[in-house]
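This report concerns only the one structure given below.
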Amino acid sequence: AQTVTQSQPEMSVQEAETVTLSCTYDTSESNYYLFWYKQPPSRQMILVIRQEAYKQQNATENRFSVNFQKAAKSFSLKISDSQLGDTAMYFCAFMKPPTGNQFYFGTGTSLTVIP
Amino acid sequence: DTEVTQTPKHLVMGMTNKKSLKCEQHMGHRAMYWYKQKAKKPPELMFVYSYEKLSINESVPSRFSPECPNSSLLNLHLHALQPEDSALYLCASSQGGPGNTEAFFGQGTRLTVV
């Protein structure tokens with residue numbers, strides 16, 4: 001079975017600063033996907049960034065980037081130039097292709113951006 | 001259209017009521033999911049439909065009954081619920097099959113059982 005661990009239940013960051021959210025996972029699979037989802041107070045889960053395990057290059061989406069360490073089974077999210085709209089719960093998630101019919105979510109990190 | 005639409009957004013029901021939650025997507029996705037989410041907790045998988053067939057039931061009590069009438073629609077029928085069933089119910093969809101790369105989520109239905 002796959003497990004996903006987020007060791008930081010709550011974090012805060014000043015507006016315009018950089019923050020890193022941690023995620024570790026455990027799997028015996030060699031091919032899989034990792035995700036960071038954001039859930040603001042509006043409730044909708046929004047995909048922030050995706051990483052394919054077979055790709056060595058770290059994924060980047062604008063202000064969001066990941067540090068993917070496959071051997072260490074670590075997948076952290078870096079948010080640069082934090083904005084008030086980044087305030088949300090952030091969930092790390094694991095999916096095993098090809099059917100990927102199960103997403104395994106971490107326990108979440110509540111991020112608050114302080115003006 | 002990358003939307004998953006859930007109705008209603010809020011629902012209050014008594015323990016003897018029967019109600020249904022509805023989820024719709026028009027992205028051609030062939031996998032659809034129901035998740036239950038308590039406050040400040042991660043979503044917990046309840047059911048997965050793959051190509052309109054129930055493929056995963058995570059030992060959910062029979063008072064929750066899923067239905068997939070066609071590839072675009074997913075229902076969750078509720079009957080004789082308990083107060084502890086109050087939660088946010090999220091629907092999601094994904095491409096399914098070898099092209100599966102991510103799940104798209106709806107905004108959820110906030111369910112309160114009184």
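Taken together, the values in this text are just the output of simple stated rules run on the coordinates, not laboratory data. Owing to the predicted nature of the structure, the values given are computational and were not obtained by experimental measurement. No Cβ is skipped: glycine too gets one built from the backbone with ideal geometry, and neighbour counts run over all protein chains shown.
Points to keep in mind about this one:
- Eligible lysines near A:Lys70 by straight Cα distance, threshold 20 Å, same-chain separation 8 or greater: A:Lys55, A:Lys78, A:Lys96
- Residue exposure sequence - B:His79, B:His29, B:His10 - by fewest surrounding Cβ within 10 Å: B:His10, B:His79, B:His29
- Seen from all directions on average, the protein assembly as shown presents a Cα convex hull projection of 12.5 nm².
- Gain on full extension, evaluated as 0.36 nm per residue between A:Thr5 and A:Thr27 minus their Cα-Cα distance, stands at 6.7 nm.
- Cysteines having no other Cys beta carbon under 4.7 Å from their own, within chain B: B:Cys68
- Neighbourhood charge, 14 Å Cβ-Cβ cut-off, centred on B:His79 and excluding it, Lys, Arg +1 and Asp, Glu -1: +1
- Between B:Lys40 and B:Met15, the distance separating the two model label sites (each 7 Å from Cα on the Cα→Cβ line) works out to 2.7 nm.
- Kirkwood Rh (inverse of mean 1/r, distinct Cα pairs), chain B, angstrom: 14.1 Å
- Counting only Cα atoms, the size of chain A along its three principal axes is 42, 27, 22 Å, in decreasing order.
- A Gaussian network model of chain B, with springs between Cα atoms under 10 Å, assigns the largest mean-square fluctuation among B:Lys18, B:Lys40, B:Lys53 to B:Lys40.
- Under 26 Å, Cα to Cα: Lys pairs in chain B, sequence gap 8 or more or different chains: 22
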